[in-house]
Amino acid sequence: MTGLYLHIPFCAQKCAYCDFVSYGGRESLLPSYLSALKREAETYRGEKIGTVFFGGGTPSLMSEKQIEDLCAFVRDCFDLAPDVEWTMEANPASVTKEKMLAALSGGVNRVSLGAQSLSDDVLAFLGRAHTRAQLETAVEAVKTAGFDKWNLDLITALPGQTAEAWGNTLKEAIAFAPTHISCYSLICDPQTPLGRMAAKGEIVLPDDEQERAMVHLTEQTLARAGYEQYEISNFALPGHACRHNINYWECGDYIGLGCAAHSLFRGARKRNTPSLPRYLTAADPTEETQTLSDRDKREERVFLGLRMNRGVDIARFERDFALDFHAFYASALQTNLDRGFLEEAEGFLRLTARGRDFCDTVAAEFMETA
Amino acid sequence: MTFEKERIRNFCIIAHIDYGKSTLADRLIDETGTVDAREMHDQLLDTMELEQERGITIKSQACRMFYTADDGKEYMLNLIDTPGHVDFTYEVERSLNACEGAVLIVDATQGVQAQTLANVYLAVGQNLEIVPVINKIDLVSAEPERVAQEVEDIIGIPCLDAPRISAKEGINIHEVLERIVKDVPAPKGDEDAPLQALIFDSLYDNYKGALSFVRIVNGRVRVGDTIRMMHSGHTFDVTEVGVFTPGYLPVEELSAGQVGYISASIKTVSETRVGDTITNNAFPADAPLPGYKRIMPNVYCGIYPADGSEYDDLRDALEKLGLNDASLTFEPETSAALGYGFRCGFLGLLHMEIIQERLEREFDFDLITTAPSVIYEVHKTNGDVVMIDNPANLPKVDEIAEMREPIVKAEIMTPKEYIGAIMDLCIEKRGEYLDMRYADENRAVLEYRMPLNEIIYDFFNSLKSRTRGYASFDYEPAGYQTGDLVKLDFLLNGDPCDALSVIVHREKAYAHGRRVAEKLRDAIPRQLFEIPIQAAIGGKIIARETVKAMRKDVLAKCYGGDITRKKKLLEKQKEGKKRMRQVGTVQMPSEAFLAVLKLEE
């Protein structure tokens, strides 16, 4: 089933680590942006959709009215599955009970809260627009509005962060009782303010040993609390894994709408312009279209599949590509089975716990470079 | 072509490397109208890209000009541009030999510099008439009077009335030409004597084969003559003789006193060696001209393509360079770490660098080079004597009775304030003090006996940095002597890496081992296991470093928009791995091999 992603590239302010396409303090452009978004969506009118994701940026910057309106448009424009999973990302600073109710009645049934940290000091350091108190209010709003599926986004391996401090953050996060938790190790892109500070030595990032210690702590702590890891950075209570994201890793079709959005639709990957002015004015916002070769598809199937704890579906691979999986990847398989990085069970090839630390090393060995 | 010898002037230009030698040459060519303005481009004589960039001349070039002097007569001026580095001293000497005079360019802002002096003394030693000119007078900081006095004091030649010029601005170039006509003696020689032509350089031309650049000392040569190289004994039929304009201009005949080229279907430059004498096979001279030396490489290193599949291409490239460079030698060799490559021999370190750079630039190779080595003489316990230019081929320790290393006699000329610094450096480099004398009240010449293997490791750079570039340095082979030498090996995760082995003096082994181990630690990327790096002499470990095991290789996020970028990263990761060299269990990037060559901080 096809996924549908709508990008809302506006934020109250840009975070210090953010390398996404998002514009701070330009919300006044929201109305014209939403019109452009609908215009682009029209080219896909009538498509069958299994999951919807309002991502950003900060979709919760939209007003109740805009949320209602966009939801109504999505329901009208697309053929949504009866069991559609419909997520909206939200920043605690802009979440209100009213917006949550508007979203819920519009069809949204899952909320992803960008908490990132639970400490005001850390939030300020990260340049987040919200406080701990606002997060608590937001969680309350999500719950009382009636959402029974919601995610908390957290960032770990922060400069100066100790395993102990991170352990406490995890415990407090669990106490909020989200159904899903995403934990990302901080990626310091050199173009971001944090990246520049790191380059100048103003902040010191945890080394690889410390980072792994925190990641392993995450896995253990969340497992004990009943959250199953289903991808490198994603954990969920049973039955609450995010189907929209799984679709990316299983190489399903998805339609990405909006500035800088990506699609994979009917064998072609399409990238929209990251420029907001261009997106608002262009008749066709497509910047690049690439038809995937079989080799591209095979490589993506493996390297994305390996990110998931379930692994790569061998039978599906063999069916789709008419290849003997074990013969085709004999050397990469042998090397990594021997290292204890891979295991095969129930028709799936997956990383072991140790292999997850070296996901990219393993994945690179499955690339078919000439 | 006949031209009265009395109206021929053969000269070269001596200058500090960046003192505008080529600029003046261009101005002279310009002023005499030798080259059409359309064809002029800056620094006409330095043709190789590398030469232009480094500001040094590697191959000799020459140019014939006609100049009508103030006395109303027309003169033939032959300018011979000489190579400019200690590695090529022999070529310089031969080029000077082809001249009667030398224009000495002195920078009006800098005065005389050490590098210039070495060549001036060489020219004086060949009895050349020195014509000083003071250049760069257009600059505000120019002090022509002071500099002229300095030339008189230091070199001992009259200079107070030397032309004040600016080669860059074209000021007073006419005066330089007049001086050349007046001061440089006309060549001597007898057109009717048997042919004696000095080969001062040679060049491979795609159409004509190897050309001999010659100064005709006696006799004459023309198309159809059969010539003989008096030292090598090769004979050839002359297909063309000509002069440089600076392109090739065929002429009917070259005769005593003239400078030009001879083309005779010669296949490689090694058949027309610099310094050899060409004579007429039917009417030969009694003896060759003096001063011929067969120059042998004294520095060797392994050169490997970073991509092993380019081995054949590398051989083709070396063959092409060899067509034009009789001093370059190469033979196939194999290394456990680096695969198939070549053992190459060079005249010195600069020569080595130039060849490497040309391979990388003109032929577009990624290369891995091993540490340079000299040729050791190894006396084995069974009485055999073997010459070793590659540490990997050194016999086992218990088979070696004695190791002898090449020694050179080094002459370092320096302003006196750096004497202490140079003595310290020479002691560090195992130099044995021979003598010190003063060239004048400010300049000293230090003489040392030094092992050549100390000189090939950044001696030249250290000398320059410790004397702010003022010291000049030359050396000549002085035989072999016994040395307390050891082979230093490097083990990666227990496996020796042959490409890193070096032969060093025992006392230096510890410092060298430590330094290289540290460099390797930083240059080898973390791998899935811990990698001990050990420096060892025989079985004894003398230094150890560790590359810690990689702890993670995983990107935290990967959603729809990240996939293309992420895939490119993984492809690059795999590509990078493919280019690494497998040493036992360890993946070595090419840079790690290079890092150990540059040991200075």
Write out, first by first residue and then by second, each pair whose Cβ atoms fall under 8 Å of each other, whose residues are 6+ apart or on separate chains, and whose first residue, in the stretch A:187-200, is within 14 Å of another protein chain (Cβ to nearest Cβ) while the second is in a helix (DSSP H, G or I) and not polar (S, T, N, Q). A:C188/A:L194; A:C188/A:G195; A:C188/A:A198; A:D189/A:G195
Among all residue pairs at least 6 apart or on different chains, which show Cβ distances below 6 Å where the first residue, located in the stretch B:50-73, is aliphatic (A, V, I, L, M) and the second is at pLDDT below 55? B:I58/B:E51
Take the stretch B:178-188 and flag every residue that is of a type in the set (A, V, I, L, M), more than 30 Å from the chain's Cα centre (by Cα) and assigned to a helix (DSSP H, G or I). B:V181
Within the stretch B:414-462, residues aromatic (F, W, Y) and not in a helix (DSSP H, G or I) come out as B:Y433, B:Y438, B:Y448, B:Y457
Please go through (1) crowded, with 19+ Cβ neighbours inside 10 Å; (2) over 19 Å from B:D553 (Cβ atoms); (3) modelled with pLDDT under 95 for A:P206 and return the number of the only condition it doesn't satisfy. (2)
Count - residues of the stretch A:307-319 that are closer than 22 Å to B:E571 by Cβ, among the hydrophobic types (A, V, I, L, M, F, W, C) and either assigned to a loop (DSSP other than H, G, I, E, B) or more than 14 Å from chain B (Cβ to nearest Cβ) (or both): 2
Would you be able to tell me the number of residues in the stretch B:487-512 that are more than 29 Å from the chain's Cα centre (by Cα), closer than 22 Å to B:I400 by Cα and of a type outside the set (D, E)? 5
Checklist (1) surrounded by fewer than 18 Cβ atoms within 10 Å (Cβ to Cβ); (2) of a type outside the set (D, E); (3) in contact with an Asp or Glu (Cβ under 6 Å, 6 or more places away or on another chain) applied to B:R437, failing item: (3)
Restricting to the stretch A:295-306, and then to whatever is crowded, with 19+ Cβ neighbours inside 10 Å and in a helix (DSSP H, G or I), can you tell me which residue is farthest from the chain's Cα centre (by Cα)? A:R298
Counting just the residues of the stretch A:269-286 that are within 12 Å of chain B (Cβ to nearest Cβ) and within 30 Å of A:D320 (Cα to Cα), which one comes out surrounded by the fewest Cβ atoms within 10 Å (Cβ to Cβ)? A:K270
Counting only residues in the stretch A:320-332 that are in a helix (DSSP H, G or I) and of a type in the set (G, A, S), the one farthest from the other protein chains (Cβ to nearest Cβ) is identified as A:A327
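Can you tell me which residues in the stretch B:190-220 are part of a loop (DSSP other than H, G, I, E, B), buried (at least 20 other Cβ atoms within 10 Å of the Cβ) and not hydrophobic (A, V, I, L, M, F, W, C)?
To start, the set of residues in the stretch B:190-220 that are part of a loop (DSSP other than H, G, I, E, B) comprises B:190-195, B:206-208, B:219.
Of the ones still in play, those that are also buried (at least 20 other Cβ atoms within 10 Å of the Cβ) are B:195, B:219.
Correct list: B:G219 only.
Per-residue answers, yes or no, for (1) more than 21 Å from B:S590 (Cβ to Cβ); (2) among the basic types (K, R); (3) assigned to a strand (DSSP E or B):
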site: B:R315; (1), (2), (3): no, yes, no
site: B:C344; (1), (2), (3): no, no, yes
site: B:E353; (1), (2), (3): no, no, no
site: B:E357; (1), (2), (3): no, no, no
site: B:F365; (1), (2), (3): no, no, no
Give the stretch A:213-229 a look and list any residue that's within 21 Å of the chain's Cα centre (by Cα) and crowded, with 18+ Cβ neighbours inside 10 Å, or say none. A:M214, A:V215, A:T218, A:L222, A:Y227, A:Q229
Only listed residue being modelled with pLDDT under 90, farther than 24 Å from B:A511 by Cβ, surrounded by fewer than 19 Cβ atoms within 10 Å (Cβ to Cβ) and not aromatic (F, W, Y), chosen from B:Q582, B:Q527: B:Q582
May I ask you to list pairs of residues, at least six apart or on different chains, whose Cβ atoms are under 6 Å apart, with the first in the stretch A:212-239 being away from chain B (no Cβ under 13 Å) and the second being part of a helix (DSSP H, G or I) and among the β-branched types (V, I, T)? A:A225/A:I174
Which of the numbered conditions does A:M367 fail, given that it passes all the others? Conditions: (1) among the hydrophobic types (A, V, I, L, M, F, W, C); (2) surrounded by 15 or more Cβ atoms within 10 Å (Cβ to Cβ); (3) under 26 Å from A:E211 (Cα atoms). (3)
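Each row is one residue, and each column tells you yes or no for (1) within 30 Å of B:R565 (Cα to Cα); (2) assigned to a strand (DSSP E or B).
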{"residue": "A:C15", "(1), (2)": "yes, no"}
{"residue": "A:V21", "(1), (2)": "yes, no"}
{"residue": "A:A41", "(1), (2)": "yes, no"}
{"residue": "A:V84", "(1), (2)": "yes, yes"}
{"residue": "A:A103", "(1), (2)": "no, no"}
{"residue": "A:A115", "(1), (2)": "yes, yes"}
List the pairs whose first member sits in the stretch B:388-402 and is in a helix (DSSP H, G or I), whose second member is among the acidic types (D, E), and whose Cβ atoms are under 7 Å apart, counting only residues at least 6 apart or on separate chains? B:A392/B:D498
Look through B:V554, B:V547 and report the one residue that is surrounded by 18 or more Cβ atoms within 10 Å (Cβ to Cβ) and more than 46 Å from the chain's Cα centre (by Cα). B:V554
Which numbered condition B:V131 misses (of (1) without any contact (Cβ under 8 Å) to a residue 40 or more places away in the chain; (2) touching a Gly at 6+ places or on another chain (Cβ under 7 Å)): (1)
Any idea how many residues of the stretch A:333-363 are in contact (Cβ under 8 Å) with a residue 24 or more places away in the chain and at the interface with another protein chain (Cβ under 10 Å from one of its Cβ atoms)? 6
Filter result for the condition that a residue is surrounded by fewer than 18 Cβ atoms within 10 Å (Cβ to Cβ), at positive phi and in contact (Cβ under 8 Å) with a residue 60 or more places away in the chain, over B:D474, B:D458: B:D458
Determine, yes or no, whether A:A173 is of a type outside the set (F, W, Y) and part of a loop (DSSP other than H, G, I, E, B). no
Against the conditions (1) facing another protein chain (nearest Cβ under 10 Å); (2) over 13 Å from the mean Cα position of the chain (by Cα); (3) within 19 Å of A:L351 (Cα to Cα), where does A:A260 fall short? Just the number, please. (3)
Filter the helices (runs of 4 or more DSSP H) completely within the stretch B:496-596 down to those with at least 2 residues that are away from chain A (no Cβ under 14 Å) and in contact with a Ser or Thr (Cβ under 8 Å, 6 or more places away or on another chain). B:590-595
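The values are calculated or read from the model by the stated rules, or taken from the named source; none is laboratory data. All values derive from a computational prediction rather than experimental measurement. Because the Cβ atoms are built from the backbone with ideal geometry, glycine has one as well, and the counts that use them run over all protein chains shown.
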